[in-house]
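S.K.: First, the structure itself, so that you have it in front of you.
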Amino acid sequence: MGVYTRTVAVSLFVSFILFFTVSSQRNDGTFRVGLKKLKLDPNNRLATRFGSKQEEALRSSLPSYNNNLGSDSGDADIVPLKNYLDAQYYGEIAIGTPPQKFTVIFDTGSSNLWVPSGKCFFSLSCFFHAKFKSSRSSTYKKSGKRAAIHYGSGSISGFFSYDAVTVGDLVVKDQEFIEATSEPGLTFLVAKFDGLLGLGFQEIAVGNATPVWYNMLKQGLIERPVFSFWLNRDPKSEEGGEIVFGGVDPKHFIGEHTYVPVTQRGYWQFDMGEVLIGGESTGYCGSGCSAITDSGTSLLAGPTAVIAMINKAIGASGVISQQCKTVVDQYGQTILDLLLAETQPKKICSQIGLCAFDGTHGVSMGIESVVDKENTRSSSGLRDAGCPACEMAVVWIQSQLRQNMTQERIVNYINEICERVPSPNGESAVDCSQLSKMPTVSFTIGGKVFDLAPEEYVLKIGEGPVAQCISGFTALDVPPPRGPLWILGDVFMGKYHTVFDFGNERVGFAEAV
(Lines give C-alpha, C1' and ligand atoms only; values in the text may rest on other atoms or scores of the structure.)
Protein backbone atom coordinates (compact mmCIF):
# COMPACT_ATOMS: atom_id res chain seq x y z
CA MET A 1 0.00 0.00 0.00
CA GLY A 2 2.36 2.72 0.08
CA VAL A 3 5.31 4.63 1.02
CA TYR A 4 6.36 4.97 4.60
CA THR A 5 7.45 8.34 5.22
CA ARG A 6 3.71 8.43 5.77
CA THR A 7 2.94 4.89 4.80
CA VAL A 8 1.12 2.02 6.30
CA ALA A 9 2.48 -1.26 4.99
CA VAL A 10 1.43 -4.87 5.08
CA SER A 11 3.63 -7.95 4.89
CA LEU A 12 1.81 -10.53 2.80
CA PHE A 13 2.15 -14.26 2.35
CA VAL A 14 1.47 -14.02 -1.34
CA SER A 15 1.78 -10.97 -3.54
CA PHE A 16 -0.32 -9.36 -6.16
CA ILE A 17 1.02 -8.29 -9.56
CA LEU A 18 -0.20 -6.56 -12.68
CA PHE A 19 0.98 -7.35 -16.18
CA PHE A 20 0.15 -5.19 -19.12
CA THR A 21 -0.48 -7.43 -22.13
CA VAL A 22 -2.60 -5.56 -24.64
CA SER A 23 -4.05 -2.10 -24.70
CA SER A 24 -6.77 -0.55 -26.74
CA GLN A 25 -8.26 2.86 -27.11
CA ARG A 26 -12.02 2.96 -27.48
CA ASN A 27 -14.50 5.62 -28.43
CA ASP A 28 -16.13 5.57 -25.00
CA GLY A 29 -13.54 7.91 -23.51
CA THR A 30 -11.55 5.24 -21.71
CA PHE A 31 -8.12 3.66 -21.95
CA ARG A 32 -7.96 0.03 -20.85
CA VAL A 33 -5.32 -2.28 -19.50
CA GLY A 34 -6.24 -5.99 -19.61
CA LEU A 35 -5.01 -8.79 -17.32
CA LYS A 36 -3.93 -12.34 -18.00
CA LYS A 37 -3.71 -15.37 -15.73
CA LEU A 38 -0.36 -17.00 -15.03
CA LYS A 39 0.15 -20.67 -14.29
CA LEU A 40 -0.08 -21.30 -10.57
CA ASP A 41 3.29 -21.77 -8.94
CA PRO A 42 3.04 -22.62 -5.23
CA ASN A 43 6.83 -22.35 -4.92
CA ASN A 44 6.81 -18.64 -5.69
CA ARG A 45 5.02 -16.95 -2.80
CA LEU A 46 6.28 -13.43 -2.63
CA ALA A 47 5.72 -11.70 0.67
CA THR A 48 5.41 -8.06 -0.23
CA ARG A 49 3.43 -4.95 0.38
CA PHE A 50 3.52 -2.05 -1.16
CA GLY A 51 1.02 3.72 1.47
CA SER A 52 -2.66 20.88 -2.31
CA LYS A 53 -2.63 24.10 -3.92
CA GLN A 54 -1.00 22.61 -6.95
CA GLU A 55 -3.79 20.08 -7.25
CA GLU A 56 -6.49 22.72 -6.98
CA ALA A 57 -4.84 24.52 -9.87
CA LEU A 58 -4.79 21.25 -11.79
CA ARG A 59 -8.43 20.55 -11.02
CA SER A 60 -9.51 24.00 -12.17
CA SER A 61 -7.72 23.43 -15.47
CA LEU A 62 -9.67 20.26 -16.21
CA PRO A 63 -12.65 20.28 -18.59
CA SER A 64 -16.13 20.33 -17.09
CA TYR A 65 -16.78 17.04 -15.37
CA ASN A 66 -20.04 15.36 -14.44
CA ASN A 67 -20.96 12.20 -12.63
CA ASN A 68 -21.78 10.25 -15.78
CA LEU A 69 -18.68 8.07 -15.66
CA GLY A 70 -20.06 5.78 -18.33
CA SER A 71 -20.30 8.54 -20.91
CA ASP A 72 -19.30 7.65 -24.45
CA SER A 73 -17.51 10.94 -25.06
CA GLY A 74 -13.83 11.68 -24.69
CA ASP A 75 -10.70 9.54 -24.79
CA ALA A 76 -9.71 6.83 -22.31
CA ASP A 77 -6.91 4.34 -21.87
CA ILE A 78 -7.48 0.68 -21.00
CA VAL A 79 -4.57 -1.34 -19.62
CA PRO A 80 -4.81 -5.15 -19.37
CA LEU A 81 -3.41 -6.83 -16.26
CA LYS A 82 -2.03 -10.26 -15.43
CA ASN A 83 -3.07 -12.09 -12.28
CA TYR A 84 -0.68 -14.36 -10.39
CA LEU A 85 -2.36 -16.54 -7.75
CA ASP A 86 -5.00 -13.84 -7.13
CA ALA A 87 -2.19 -12.12 -5.24
CA GLN A 88 -0.15 -10.24 -7.82
CA TYR A 89 -1.51 -7.95 -10.51
CA TYR A 90 1.08 -6.26 -12.67
CA GLY A 91 1.27 -4.44 -15.98
CA GLU A 92 3.68 -3.16 -18.56
CA ILE A 93 4.81 0.41 -19.12
CA ALA A 94 7.71 1.91 -21.04
CA ILE A 95 10.15 4.71 -20.28
CA GLY A 96 12.30 6.69 -22.65
CA THR A 97 12.70 7.14 -26.42
CA PRO A 98 12.86 4.56 -27.88
CA PRO A 99 10.71 2.85 -25.19
CA GLN A 100 12.35 0.61 -22.59
CA LYS A 101 9.76 -1.80 -21.18
CA PHE A 102 9.11 -2.54 -17.50
CA THR A 103 6.49 -4.46 -15.53
CA VAL A 104 5.04 -2.51 -12.60
CA ILE A 105 2.45 -2.75 -9.89
CA PHE A 106 -0.25 -0.10 -10.36
CA ASP A 107 -0.54 0.91 -6.72
CA THR A 108 -3.27 3.18 -5.35
CA GLY A 109 -1.48 3.13 -1.99
CA SER A 110 1.55 5.13 -3.10
CA SER A 111 2.30 7.97 -5.52
CA ASN A 112 5.77 7.56 -7.01
CA LEU A 113 6.96 5.82 -10.15
CA TRP A 114 10.23 3.91 -9.81
CA VAL A 115 12.14 1.29 -11.79
CA PRO A 116 15.62 -0.23 -11.42
CA SER A 117 18.43 1.95 -12.73
CA GLY A 118 21.18 0.95 -15.10
CA LYS A 119 23.43 2.37 -12.37
CA CYS A 120 22.26 -0.26 -9.87
CA PHE A 121 25.43 -2.35 -9.44
CA PHE A 122 25.39 -3.69 -5.88
CA SER A 123 21.83 -5.01 -5.37
CA LEU A 124 21.25 -8.56 -6.52
CA SER A 125 17.61 -7.72 -7.33
CA CYS A 126 18.69 -5.42 -10.15
CA PHE A 127 20.38 -8.26 -12.00
CA PHE A 128 17.07 -10.12 -12.30
CA HIS A 129 14.94 -7.24 -13.56
CA ALA A 130 14.85 -4.78 -16.42
CA LYS A 131 16.98 -1.67 -15.80
CA PHE A 132 16.55 1.81 -17.20
CA LYS A 133 19.53 2.99 -19.22
CA SER A 134 19.36 6.77 -19.56
CA SER A 135 22.09 6.90 -22.21
CA ARG A 136 19.79 5.06 -24.62
CA SER A 137 16.96 7.61 -24.39
CA SER A 138 16.90 10.80 -26.46
CA THR A 139 14.23 12.34 -24.19
CA TYR A 140 16.01 11.74 -20.86
CA LYS A 141 16.59 14.72 -18.54
CA LYS A 142 18.80 14.63 -15.48
CA SER A 143 17.53 15.67 -12.04
CA GLY A 144 20.11 14.36 -9.60
CA LYS A 145 17.82 14.73 -6.56
CA ARG A 146 18.18 11.78 -4.17
CA ALA A 147 15.22 9.58 -3.21
CA ALA A 148 14.38 6.78 -0.77
CA ILE A 149 11.14 4.87 -0.20
CA HIS A 150 10.38 2.41 2.61
CA TYR A 151 7.67 -0.21 2.13
CA GLY A 152 6.40 -2.79 4.60
CA SER A 153 8.55 -5.56 3.20
CA GLY A 154 11.37 -3.74 1.47
CA SER A 155 12.90 -0.43 0.53
CA ILE A 156 14.53 1.26 -2.44
CA SER A 157 16.80 4.24 -2.84
CA GLY A 158 18.23 6.07 -5.81
CA PHE A 159 17.74 9.36 -7.63
CA PHE A 160 15.10 11.23 -9.60
CA SER A 161 15.14 11.56 -13.39
CA TYR A 162 12.78 12.84 -16.10
CA ASP A 163 11.68 11.08 -19.28
CA ALA A 164 8.68 10.11 -21.38
CA VAL A 165 6.52 7.37 -19.82
CA THR A 166 4.23 5.23 -21.97
CA VAL A 167 1.14 3.69 -20.33
CA GLY A 168 -0.92 1.78 -22.85
CA ASP A 169 -1.40 4.16 -25.77
CA LEU A 170 -0.63 7.25 -23.73
CA VAL A 171 2.76 8.97 -23.66
CA VAL A 172 3.34 11.19 -20.63
CA LYS A 173 6.09 13.71 -21.33
CA ASP A 174 8.77 14.85 -18.86
CA GLN A 175 7.57 12.50 -16.12
CA GLU A 176 9.60 12.59 -12.93
CA PHE A 177 10.47 9.11 -11.69
CA ILE A 178 12.99 7.35 -9.47
CA GLU A 179 15.87 5.30 -10.79
CA ALA A 180 16.47 2.76 -8.02
CA THR A 181 20.15 2.05 -7.38
CA SER A 182 19.60 0.01 -4.21
CA GLU A 183 16.97 -2.70 -3.61
CA PRO A 184 18.13 -4.63 -0.54
CA GLY A 185 16.51 -7.85 0.68
CA LEU A 186 14.62 -10.69 -0.98
CA THR A 187 11.33 -8.90 -1.67
CA PHE A 188 12.30 -7.34 -4.97
CA LEU A 189 14.66 -10.18 -5.86
CA VAL A 190 11.81 -12.70 -6.26
CA ALA A 191 9.16 -10.21 -7.40
CA LYS A 192 7.65 -10.61 -10.85
CA PHE A 193 7.48 -6.85 -11.25
CA ASP A 194 10.36 -4.52 -11.99
CA GLY A 195 8.98 -1.43 -10.29
CA LEU A 196 5.94 0.44 -9.05
CA LEU A 197 3.59 3.07 -10.50
CA GLY A 198 1.76 4.93 -7.73
CA LEU A 199 -1.82 6.14 -8.23
CA GLY A 200 -2.29 7.86 -4.88
CA PHE A 201 -2.48 11.60 -4.22
CA GLN A 202 0.58 13.82 -4.51
CA GLU A 203 0.53 14.46 -0.76
CA ILE A 204 2.31 11.14 -0.15
CA ALA A 205 4.71 11.36 -3.10
CA VAL A 206 8.34 11.20 -2.00
CA GLY A 207 10.14 14.35 -3.09
CA ASN A 208 6.75 15.90 -3.89
CA ALA A 209 7.09 14.38 -7.37
CA THR A 210 4.08 14.86 -9.64
CA PRO A 211 2.39 11.43 -10.05
CA VAL A 212 1.94 9.92 -13.51
CA TRP A 213 -1.84 10.18 -13.15
CA TYR A 214 -1.66 13.94 -12.51
CA ASN A 215 0.41 14.45 -15.62
CA MET A 216 -2.00 12.38 -17.71
CA LEU A 217 -4.67 14.92 -16.81
CA LYS A 218 -2.47 18.00 -16.96
CA GLN A 219 -1.23 17.10 -20.45
CA GLY A 220 -4.77 16.46 -21.69
CA LEU A 221 -4.23 12.77 -22.35
CA ILE A 222 -7.34 11.78 -20.38
CA GLU A 223 -10.57 13.76 -20.58
CA ARG A 224 -12.38 12.54 -17.46
CA PRO A 225 -10.47 12.56 -14.14
CA VAL A 226 -11.40 9.02 -13.09
CA PHE A 227 -9.88 5.56 -13.30
CA SER A 228 -11.27 2.17 -12.36
CA PHE A 229 -10.05 -1.34 -11.51
CA TRP A 230 -11.53 -4.69 -12.43
CA LEU A 231 -9.62 -7.64 -10.93
CA ASN A 232 -10.63 -11.04 -12.25
CA ARG A 233 -10.72 -13.67 -9.50
CA ASP A 234 -11.81 -16.52 -11.81
CA PRO A 235 -8.93 -19.04 -11.67
CA LYS A 236 -10.00 -20.61 -14.96
CA SER A 237 -9.92 -17.39 -16.94
CA GLU A 238 -6.96 -16.25 -19.02
CA GLU A 239 -8.03 -12.64 -18.52
CA GLY A 240 -6.63 -11.21 -15.32
CA GLY A 241 -8.41 -7.87 -15.22
CA GLU A 242 -7.93 -4.32 -16.39
CA ILE A 243 -7.45 -0.71 -15.41
CA VAL A 244 -9.51 1.88 -17.27
CA PHE A 245 -7.98 5.35 -17.27
CA GLY A 246 -10.62 7.98 -18.01
CA GLY A 247 -13.80 6.08 -17.13
CA VAL A 248 -15.35 2.71 -16.36
CA ASP A 249 -16.26 -0.39 -18.35
CA PRO A 250 -19.96 -1.22 -17.76
CA LYS A 251 -19.48 -4.88 -18.64
CA HIS A 252 -17.37 -5.44 -15.53
CA PHE A 253 -19.97 -4.60 -12.87
CA ILE A 254 -23.67 -4.84 -12.13
CA GLY A 255 -25.94 -2.35 -10.40
CA GLU A 256 -24.89 1.09 -9.25
CA HIS A 257 -21.69 2.09 -7.52
CA THR A 258 -21.89 3.16 -3.88
CA TYR A 259 -19.69 6.24 -3.47
CA VAL A 260 -18.03 7.59 -0.35
CA PRO A 261 -15.96 10.79 -0.14
CA VAL A 262 -12.21 10.80 0.40
CA THR A 263 -11.73 11.97 3.98
CA GLN A 264 -7.98 12.42 4.06
CA ARG A 265 -5.87 13.23 1.05
CA GLY A 266 -2.85 11.07 0.36
CA TYR A 267 -4.22 7.56 0.20
CA TRP A 268 -7.72 6.87 -1.13
CA GLN A 269 -9.09 7.01 2.41
CA PHE A 270 -12.73 7.09 3.48
CA ASP A 271 -14.98 6.43 6.47
CA MET A 272 -16.21 2.87 6.96
CA GLY A 273 -18.95 1.56 9.22
CA GLU A 274 -19.39 -1.67 11.14
CA VAL A 275 -17.63 -4.97 10.40
CA LEU A 276 -19.85 -8.05 10.67
CA ILE A 277 -19.10 -11.75 11.02
CA GLY A 278 -21.95 -14.00 9.97
CA GLY A 279 -24.27 -10.99 10.09
CA GLU A 280 -23.34 -10.19 13.70
CA SER A 281 -21.65 -6.90 14.56
CA THR A 282 -18.13 -7.06 15.97
CA GLY A 283 -18.77 -3.75 17.71
CA TYR A 284 -15.32 -2.47 16.81
CA CYS A 285 -16.38 0.09 14.19
CA GLY A 286 -19.71 1.00 15.71
CA SER A 287 -18.63 4.62 15.93
CA GLY A 288 -16.82 4.44 12.60
CA CYS A 289 -13.41 3.42 11.27
CA SER A 290 -11.15 4.68 8.53
CA ALA A 291 -10.38 2.58 5.48
CA ILE A 292 -8.13 2.72 2.43
CA THR A 293 -8.71 1.10 -0.95
CA ASP A 294 -5.33 -0.22 -2.01
CA SER A 295 -4.64 -2.12 -5.22
CA GLY A 296 -1.09 -2.80 -4.03
CA THR A 297 -2.12 -4.93 -1.04
CA SER A 298 -3.01 -8.55 -1.73
CA LEU A 299 -5.05 -9.26 1.37
CA LEU A 300 -7.49 -7.33 3.54
CA ALA A 301 -5.82 -5.80 6.57
CA GLY A 302 -7.34 -4.56 9.80
CA PRO A 303 -6.78 -4.18 13.56
CA THR A 304 -5.47 -7.33 15.22
CA ALA A 305 -8.41 -7.43 17.66
CA VAL A 306 -11.00 -7.84 14.89
CA ILE A 307 -8.79 -9.93 12.59
CA ALA A 308 -8.33 -12.39 15.46
CA MET A 309 -12.13 -12.56 15.91
CA ILE A 310 -12.53 -13.24 12.17
CA ASN A 311 -9.79 -15.88 12.24
CA LYS A 312 -11.49 -17.66 15.11
CA ALA A 313 -14.84 -17.61 13.30
CA ILE A 314 -13.34 -19.10 10.12
CA GLY A 315 -11.08 -21.57 11.93
CA ALA A 316 -7.81 -19.98 10.87
CA SER A 317 -4.68 -21.04 12.73
CA GLY A 318 -2.37 -18.22 13.71
CA VAL A 319 0.40 -18.12 16.27
CA ILE A 320 -0.22 -18.64 19.99
CA SER A 321 0.43 -15.33 21.73
CA GLN A 322 1.78 -15.83 25.23
CA GLN A 323 1.43 -12.11 25.92
CA CYS A 324 -2.23 -12.33 25.03
CA LYS A 325 -2.79 -15.34 27.28
CA THR A 326 -0.87 -13.74 30.13
CA VAL A 327 -3.00 -10.60 30.04
CA VAL A 328 -6.21 -12.62 29.85
CA ASP A 329 -5.13 -14.85 32.75
CA GLN A 330 -4.11 -11.96 35.00
CA TYR A 331 -6.59 -9.27 34.04
CA GLY A 332 -9.45 -10.91 32.14
CA GLN A 333 -11.82 -11.05 35.10
CA THR A 334 -10.94 -7.47 36.10
CA ILE A 335 -11.70 -6.23 32.60
CA LEU A 336 -14.99 -8.11 32.62
CA ASP A 337 -15.96 -6.66 36.01
CA LEU A 338 -15.14 -3.10 34.90
CA LEU A 339 -17.21 -3.49 31.72
CA LEU A 340 -20.13 -4.85 33.75
CA ALA A 341 -19.77 -1.81 35.98
CA GLU A 342 -20.17 0.30 32.83
CA THR A 343 -16.69 1.76 33.03
CA GLN A 344 -15.65 3.65 29.89
CA PRO A 345 -13.96 0.93 27.78
CA LYS A 346 -11.17 3.18 26.47
CA LYS A 347 -10.03 3.90 30.04
CA ILE A 348 -10.02 0.33 31.38
CA CYS A 349 -6.48 -0.65 30.37
CA SER A 350 -5.07 2.53 31.88
CA GLN A 351 -7.06 1.96 35.09
CA ILE A 352 -5.48 -1.46 35.59
CA GLY A 353 -2.02 -0.09 34.85
CA LEU A 354 -1.25 -1.64 31.46
CA CYS A 355 -1.64 1.53 29.39
CA ALA A 356 -1.48 5.27 29.80
CA PHE A 357 -4.50 7.29 28.69
CA ASP A 358 -3.98 10.35 26.49
CA GLY A 359 -7.58 11.55 26.73
CA THR A 360 -8.92 9.58 23.77
CA HIS A 361 -7.28 6.15 23.83
CA GLY A 362 -4.80 3.93 25.65
CA VAL A 363 -1.11 4.14 24.79
CA SER A 364 1.87 2.04 25.82
CA MET A 365 3.66 3.29 28.91
CA GLY A 366 7.14 3.46 27.44
CA ILE A 367 8.61 4.82 30.74
CA GLU A 368 10.07 2.69 33.50
CA SER A 369 8.93 3.40 37.03
CA VAL A 370 11.09 3.13 40.15
CA VAL A 371 9.48 -0.25 40.81
CA ASP A 372 10.38 -1.37 37.29
CA LYS A 373 14.03 -0.52 37.86
CA GLU A 374 14.12 -2.34 41.17
CA ASN A 375 12.21 -5.38 40.00
CA THR A 376 13.20 -6.76 36.62
CA ARG A 377 10.11 -8.97 36.58
CA SER A 378 7.99 -5.86 36.12
CA SER A 379 9.69 -4.34 33.09
CA SER A 380 8.25 -1.62 30.90
CA GLY A 381 8.72 -4.02 28.00
CA LEU A 382 6.04 -6.29 29.48
CA ARG A 383 3.82 -3.29 30.07
CA ASP A 384 4.27 -2.14 26.47
CA ALA A 385 3.36 -5.60 25.18
CA GLY A 386 0.44 -5.82 27.59
CA CYS A 387 -1.23 -2.60 26.47
CA PRO A 388 -2.33 -3.77 22.99
CA ALA A 389 -3.20 -7.22 24.38
CA CYS A 390 -5.38 -5.58 27.03
CA GLU A 391 -7.16 -3.38 24.50
CA MET A 392 -7.84 -6.40 22.31
CA ALA A 393 -9.29 -8.26 25.30
CA VAL A 394 -11.63 -5.31 25.98
CA VAL A 395 -12.93 -5.47 22.40
CA TRP A 396 -13.48 -9.24 22.58
CA ILE A 397 -15.26 -9.12 25.95
CA GLN A 398 -17.49 -6.26 24.79
CA SER A 399 -18.48 -8.30 21.75
CA GLN A 400 -19.48 -11.28 23.89
CA LEU A 401 -21.38 -9.15 26.42
CA ARG A 402 -23.52 -7.80 23.56
CA GLN A 403 -24.47 -11.40 22.81
CA ASN A 404 -25.45 -11.99 26.47
CA MET A 405 -22.82 -14.67 27.02
CA THR A 406 -22.14 -15.94 30.54
CA GLN A 407 -18.96 -14.90 32.32
CA GLU A 408 -17.57 -18.42 32.09
CA ARG A 409 -18.14 -18.58 28.34
CA ILE A 410 -16.62 -15.15 27.87
CA VAL A 411 -13.41 -16.12 29.67
CA ASN A 412 -13.19 -19.33 27.63
CA TYR A 413 -13.81 -17.37 24.43
CA ILE A 414 -11.01 -14.88 24.96
CA ASN A 415 -8.60 -17.67 25.91
CA GLU A 416 -9.47 -19.44 22.65
CA ILE A 417 -9.16 -16.28 20.59
CA CYS A 418 -5.59 -15.75 21.81
CA GLU A 419 -4.80 -18.85 19.74
CA ARG A 420 -6.03 -17.03 16.64
CA VAL A 421 -3.84 -13.95 16.87
CA PRO A 422 -2.23 -13.76 13.41
CA SER A 423 1.39 -14.74 13.01
CA PRO A 424 4.01 -11.98 12.82
CA ASN A 425 4.29 -12.13 9.03
CA GLY A 426 0.55 -11.94 8.63
CA GLU A 427 -0.67 -15.23 7.21
CA SER A 428 -3.10 -17.67 8.81
CA ALA A 429 -3.99 -21.07 7.36
CA VAL A 430 -7.50 -22.47 7.04
CA ASP A 431 -8.84 -25.93 6.22
CA CYS A 432 -9.80 -26.01 2.54
CA SER A 433 -12.48 -28.63 3.24
CA GLN A 434 -14.31 -26.32 5.65
CA LEU A 435 -15.10 -23.44 3.27
CA SER A 436 -18.83 -24.25 3.20
CA LYS A 437 -18.98 -23.91 6.99
CA MET A 438 -17.26 -20.56 7.22
CA PRO A 439 -19.31 -17.38 7.83
CA THR A 440 -19.75 -14.41 5.54
CA VAL A 441 -17.62 -11.42 6.57
CA SER A 442 -19.12 -8.01 5.75
CA PHE A 443 -18.10 -4.37 5.67
CA THR A 444 -20.43 -1.38 5.86
CA ILE A 445 -19.55 1.39 3.41
CA GLY A 446 -21.77 4.35 2.62
CA GLY A 447 -24.63 2.75 4.54
CA LYS A 448 -24.50 -0.41 2.40
CA VAL A 449 -23.26 -3.83 3.51
CA PHE A 450 -20.63 -5.42 1.29
CA ASP A 451 -20.37 -9.17 1.81
CA LEU A 452 -17.39 -11.45 1.28
CA ALA A 453 -18.16 -15.17 1.06
CA PRO A 454 -15.56 -17.77 2.16
CA GLU A 455 -14.51 -18.57 -1.41
CA GLU A 456 -13.92 -14.83 -1.89
CA TYR A 457 -11.80 -14.17 1.20
CA VAL A 458 -9.78 -17.41 1.18
CA LEU A 459 -6.82 -17.74 -1.19
CA LYS A 460 -6.45 -21.30 -2.45
CA ILE A 461 -3.07 -22.41 -3.75
CA GLY A 462 -2.89 -25.69 -5.67
CA GLU A 463 -5.47 -28.39 -6.23
CA GLY A 464 -6.49 -31.70 -4.67
CA PRO A 465 -4.81 -33.09 -1.55
CA VAL A 466 -1.85 -30.71 -1.84
CA ALA A 467 -4.04 -27.59 -1.93
CA GLN A 468 -3.33 -24.96 0.71
CA CYS A 469 -5.77 -22.29 1.84
CA ILE A 470 -4.78 -18.95 3.35
CA SER A 471 -7.02 -16.53 5.22
CA GLY A 472 -7.47 -13.32 3.23
CA PHE A 473 -7.38 -11.31 6.47
CA THR A 474 -4.13 -10.01 7.92
CA ALA A 475 -3.46 -7.91 10.99
CA LEU A 476 -2.31 -4.29 10.90
CA ASP A 477 -2.49 -1.95 13.87
CA VAL A 478 -2.31 1.75 13.06
CA PRO A 479 -2.58 3.96 16.16
CA PRO A 480 -4.80 7.05 16.39
CA PRO A 481 -5.18 9.61 15.01
CA ARG A 482 -4.46 7.91 11.68
CA GLY A 483 -5.98 4.63 12.84
CA PRO A 484 -7.65 2.33 13.51
CA LEU A 485 -7.28 1.74 9.80
CA TRP A 486 -8.55 -0.93 7.42
CA ILE A 487 -6.88 -1.64 4.09
CA LEU A 488 -9.24 -3.08 1.51
CA GLY A 489 -6.80 -4.78 -0.83
CA ASP A 490 -7.23 -7.17 -3.71
CA VAL A 491 -9.38 -9.59 -1.69
CA PHE A 492 -12.04 -6.87 -1.53
CA MET A 493 -11.40 -5.27 -4.92
CA GLY A 494 -11.69 -8.66 -6.60
CA LYS A 495 -15.31 -8.91 -5.44
CA TYR A 496 -16.15 -5.24 -5.97
CA HIS A 497 -15.36 -3.21 -9.06
CA THR A 498 -13.71 -0.03 -7.80
CA VAL A 499 -13.88 3.49 -9.21
CA PHE A 500 -11.32 6.11 -8.15
CA ASP A 501 -13.11 9.37 -8.92
CA PHE A 502 -10.33 11.94 -8.74
CA GLY A 503 -12.52 14.79 -10.00
CA ASN A 504 -15.03 14.46 -7.16
CA GLU A 505 -12.60 13.02 -4.61
CA ARG A 506 -14.58 9.88 -3.91
CA VAL A 507 -14.33 6.09 -4.21
CA GLY A 508 -17.11 3.88 -5.58
CA PHE A 509 -17.86 0.15 -5.27
CA ALA A 510 -20.18 -2.12 -7.26
CA GLU A 511 -20.38 -5.90 -7.56
CA ALA A 512 -17.89 -7.08 -10.16
CA VAL A 513 -18.74 -9.51 -12.95
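The values are calculated or read from the model by the stated rules, or taken from the named source; none is laboratory data. Bear in mind the structure is a predicted one, so any value in this text is a computation, not a measurement. Cβ: placed from backbone, ideal geometry, glycine included. Neighbour counts: every protein chain shown. In case anyone asks, the SASA skips ligands and DNA or RNA and just uses the protein heavy atoms, side chains included. Shrake-Rupley method; radii C 1.70, N 1.55, O 1.52, S 1.80 Å.
S.K.: Show the residue pairs meeting these rules: Cβ distance below 6 Å; 6+ apart or different chains; first residue within region 316-340 and among the small types (Gly, Ala, Ser); second residue modelled with pLDDT of 85 or more.
M.R.: From residues that are among the small types (Gly, Ala, Ser), the pairs are 316/430; 316/471; 318/311.
S.K.: Among the residues that make up region 310-326, is at least one of them in contact with a strand residue (DSSP E or B) (Cβ under 8 Å, 6 or more places away or on another chain), in a helix (DSSP H, G or I), of a type in the set (Val, Ile, Thr) and surrounded by 17 or more Cβ atoms within 10 Å (Cβ to Cβ)?
M.R.: Yes, region 310-326 has at least one match.
S.K.: If you don't mind, another one. I'd like to check something: does region 155-171 contain any residue that is open to solvent by less than 40 Å² (accessible area, probe 1.4 Å), within 17 Å of residue 214 (Cβ to Cβ) and within 22 Å of the chain's Cα centre (by Cα)?
M.R.: No, region 155-171 contains no residue that is open to solvent by less than 40 Å² (accessible area, probe 1.4 Å), within 17 Å of residue 214 (Cβ to Cβ) and within 22 Å of the chain's Cα centre (by Cα).
S.K.: Something else: Quick one: how many residues across region 191-211 are within 20 Å of the chain's Cα centre (by Cα) and not in a loop (DSSP other than H, G, I, E, B)?
M.R.: So the count comes out to 8.
S.K.: Oh, and also: Restricting the first residue to region 158-173 and requiring it to be over 21 Å from residue 90 (Cβ atoms) and at pLDDT 95 or above, which pairs with a second residue that is open to solvent by less than 10 Å² (accessible area, probe 1.4 Å) and among the charged types (D, E, K, R) meet a Cβ separation below 7 Å and a spacing of at least six or different chains?
M.R.: The qualifying pairs are 159/179; 161/179.
S.K.: Right, another one. Among the numbered criteria (1) loosely packed, with under 15 Cβ neighbours inside 10 Å; (2) within 16 Å of the chain's Cα centre (by Cα), which one does residue 431 miss?
M.R.: It is condition (2) that residue 431 fails.
S.K.: Looking at region 446-461 only, could you name the residues that are aliphatic (A, V, I, L, M) and within 15 Å of residue 489 (Cα to Cα)?
M.R.: Listed by number, the residues that qualify are 452, 458, 459.
S.K.: Still on this structure, please answer the following. Regarding region 146-154, can at least one residue be identified that is within 13 Å of residue 196 (Cα to Cα), under 28 Å from the mean Cα position of the chain (by Cα) and not in a strand (DSSP E or B)?
M.R.: Restricting attention to region 146-154, the residues satisfying the condition of being within 13 Å of residue 196 (Cα to Cα) are 149-151, 154.
Still in the running and under 28 Å from the mean Cα position of the chain (by Cα): 149-151, 154.
The next check asks that each one be not in a strand (DSSP E or B); those that pass are none.
No: zero hits.
S.K.: Residues that are open to solvent by 10 Å² or more (accessible area, probe 1.4 Å), more than 16 Å from residue 149 (Cβ to Cβ) and not aliphatic (A, V, I, L, M): does region 193-202 have at least one?
M.R.: Checked against the condition, which is being open to solvent by 10 Å² or more (accessible area, probe 1.4 Å), more than 16 Å from residue 149 (Cβ to Cβ) and not aliphatic (A, V, I, L, M), region 193-202 yields no hits at all.
S.K.: Would you please name the residue that is surrounded by the fewest Cβ atoms within 10 Å (Cβ to Cβ), looking only at residues in region 443-458 that are of a type in the set (A, V, I, L, M) and touching a Phe, Trp or Tyr at 6+ places or on another chain (Cβ under 8 Å)? Lay out the reasoning, then the answer.
M.R.: Pass one, region 443-458, residues of a type in the set (A, V, I, L, M): 445, 449, 452-453, 458.
Subsequent filtering for residues that are touching a Phe, Trp or Tyr at 6+ places or on another chain (Cβ under 8 Å) retains 445, 449, 452.
Working: 445: 23, 449: 13, 452: 20.
Among residues in region 443-458 that are of a type in the set (A, V, I, L, M) and touching a Phe, Trp or Tyr at 6+ places or on another chain (Cβ under 8 Å), the one surrounded by the fewest Cβ atoms within 10 Å (Cβ to Cβ) is 449.
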